[in-house]
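Here is the structure we will look at, set down as structure tokens.
What follows is calculated from the coordinates using simple rules that are stated; it is not laboratory data. Since we're looking at a predicted model, the values are computed, not measured. Note that each Cβ is placed from the backbone with ideal geometry, even for glycine, and that neighbours are counted across all protein chains shown.
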Amino acid sequence: MRISQVKISNFRSYSDEVVINFNNLTAFVGKNDVGKSTVLEALDVFFNEGKGVIKLDKDDVNKKCSESGNQDIRVSVVFEGFPASLVIDASNTTTLSNEYLLTKDNKLEITKIYPNAGKEKVLIKAYHPTNPECADLLHKKQADLRKIIDAIAVTDVDKSKNASMRQAIWGHYTTNLQLADVEIDISKVDEKNVWSELKNYMPLYSLFQSDRKNGDGDSEIQDPMKLATQEILKDSSIVAALNSVAESVNERLQAVANGTCEKLREMNPEIAQTLSPVIPASESLKWIDVFKNVSISSDDDIPLNKRGSGVKRLVLLNFFRAEAERRKSDRNVPDVIYAIEEPETSQHPDHQKKLIEALVSLSQAEHTQVILTTHSPSLVKMLNFEHLRLVQNSVSSKEIIAVEQHELPYPSLNEVNFLAFAEANEEYHNELYSFIEHEGWLAEYKAGKEEVAYNEERNGNITIKRVIRSVYIRHQIHHPENMHNLKYTKLELLTSIQEMRAFIQNKQTIERTLREAA
């Protein structure tokens, strides 16, 4: 199953619902403390149910919502690639579509609500029958469904199978189902089969934080090993082998227990009659606990979680590189989502480049999604527009927008860095100036702007010219050898970029208005 969209509301800085579209690789960019990591942590809560990195508490409820009386944190995930069929009632196979458990556009949307950061309620948003005669069939027990079947006189239906009876009832009202968007609570007792079955198809979600603790049991370097263990233990052939071992052990234990009781009967039959061996069934064994201490140590037996953060992140980097190669060649893998905060942390620029290459490659493998946050303009420029999500604070709420190349004042990743980090650099200045020049707008841009003196050197001779500030900066960028002028300041560079962006946006608005009026 693959994330198509995520909706978050009333969680930390997110008050109103924010809707985020996901690709196989999704990178969140924006200023510090704007809410990038919050998205990754909301997904950790959703997928790992408090057993992952993040534990919910009452402080996670948005303060504005809390003051208005809304205590419900909501996290919704819309999936594509859901199972073609599943078992809801006993051994009765059905489909999400047949049960009207999909949205109008045929996607699976699961919402988890956490009242006051407490125990979750699980709902499915679906385009579902609301006609009172055939609504809420998933809530009804077998006896209730049989009564409805008898009342509407439907024949030729297997009354031992709830799914078959639901299909027959909905089929009877096929022209009057009154389909509408509803939320169905599947965390109720009678619907637990739906959720417990769907949980088997949920992706593994692993969050690698930028500021993990350094304790022996919680080091970031152990996370890849734990994730690998989870994946390995989902392999059906390994599960079968482990169950076979468990059965063999159980047989031996049963023989020992039986022999002990038999000998005990010879000495004290009364006590023997009150004893019986209690041996757990093989399917109830938690193999993941057997391998909970997996880790990596260096040659001198120093645990890697005791090494520097740069070394730990370097091992993490190469875990992703290895995973990219393995998952591309191995088709028998579960769905996995790798969420990485600030992969550039503690890494040399060369390592950052290799890491991004590995993560892009990893995202292209089947059954794999990668989610990033970053503060690095250099990292942004290694990605594509479709990968990027810009996180911003608007006037009254928060926005997370996809970066559409055609909607930018100038279609450049430097423009994205300017929007995300207020990154004003010489390369971006050159791009904007060249764009204005290429479009034939340069004379119009210069008109009316204040000019400053610029000393131009040619063949040893210095000529004083008067140029606008953007041209002054342009000349200095292209002719650093000319030492006869004062170096522009960072503020001057920023101001010039802002002026060019505003000019381009105004020209584009005028041209768009003229096209629409034509």
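Under unit Cβ charges (Lys, Arg +1; Asp, Glu -1), what dipole magnitude, rounded to 20 debye, does segment 424-517 have relative to its Cα centre?
180
Is the shape of the chain rounded, prolate or oblate, going by the alpha carbon gyration tensor and its root eigenvalues a ≥ b ≥ c, with a/c under 1.5 for rounded and a/b larger than b/c for prolate?
Since a/c reaches 1.5 but b/c is at least a/b, the shape of the chain is classed as oblate.
What lysines does Lys507 reach when the alpha-carbon gap must be under 22 Å and sequence neighbours fewer than 8 apart in one chain are set aside?
Result set, ordered by chain and number: Lys446, Lys449.
Only Lys, Arg, Asp and Glu count, each charged at its Cβ (+1, +1, -1, -1), so figure out the dipole size of the chain about its Cα centre, rounded to 20 debye.
Charge dipole of the chain: 300 debye, to the nearest 20.
Under 15 Å from the Cβ of Ala84, count the other residues' Cβ atoms, weight Lys and Arg +1, Asp and Glu -1, and hand me the total.
Result for the local shell: -2.
Taking the alpha-carbon distance from Lys381 and a cut-off under 17 Å, which lysines remain once sequence neighbours fewer than 8 residues away in the same chain are dropped?
Cα-Cα hits under 17 Å: Lys31, Lys353, Lys354.
How much length, in nm to one decimal, is gained on full extension between Asn482 and Gln254, taken as 0.36 nm per residue of separation minus their Cα-Cα distance?
Net length gain for the segment: 73.0 nm.
Which order do the peptides 347-360, 451-464 come out in when sorted by mean C-beta neighbours inside 10 angstrom, highest first?
Packing proxy ranking, top to bottom: 347-360, 451-464.
I need the phi-derived Karplus couplings for segment 100-113: 6.51 cos²θ - 1.76 cosθ + 1.60, θ = phi - 60°, integer Hz, Gly and Pro marked x.
My calculation for segment 100-113 gives 6, 10, 10, 6, 4, 9, 6, 10, 9, 10, 10, 10, 10, 10 Hz in order.
Looking at the square roots a ≥ b ≥ c of the eigenvalues of the Cα gyration tensor of segment 424-517, which shape do they give, rounded for a/c under 1.5, prolate if a/b is larger than b/c, or oblate?
Verdict is prolate for segment 424-517.
How long is the gain from Ala241 to Gln5 if the chain were fully straight, where each residue apart is worth 0.36 nm and the alpha carbon distance is subtracted?
The span from Ala241 to Gln5 would gain 81.2 nm if fully extended.
Where both residues lie in the chain, what percent of DSSP beta bridges are antiparallel, nearest 5?
70
Quick check: from the Cα gyration tensor, does segment 399-449 come out rounded (a/c under 1.5), prolate or oblate?
prolate
May I ask which of Lys51/Lys226; Lys140/Lys199; Lys51/Lys140; Lys226/Lys286; Lys7/Lys121; Lys199/Lys226 have a Cα-Cα span longer than 24 Å here?
Over 24 Å apart, Cα to Cα: Lys51/Lys140.
So if each residue of separation counts as 0.36 nm, and I subtract the Cα-Cα distance between Asn21 and Asn459, what length gain in nm does that give?
151.9 nm
Ranked highest first by the average count of other Cβ atoms within 10 Å around their residues, in what order do 67-77, 199-209 fall?
199-209, 67-77
With Cβ to Cβ distances under 12 Å as the rule, what net charge do the other residues near Thr463 carry (K, R +1; D, E -1)?
+1
Given the C-alpha centroids of segment 60-77 and segment 418-450, what is the distance between them in whole angstrom?
If you average the Cα positions of each part, the centres end up 43 Å apart.
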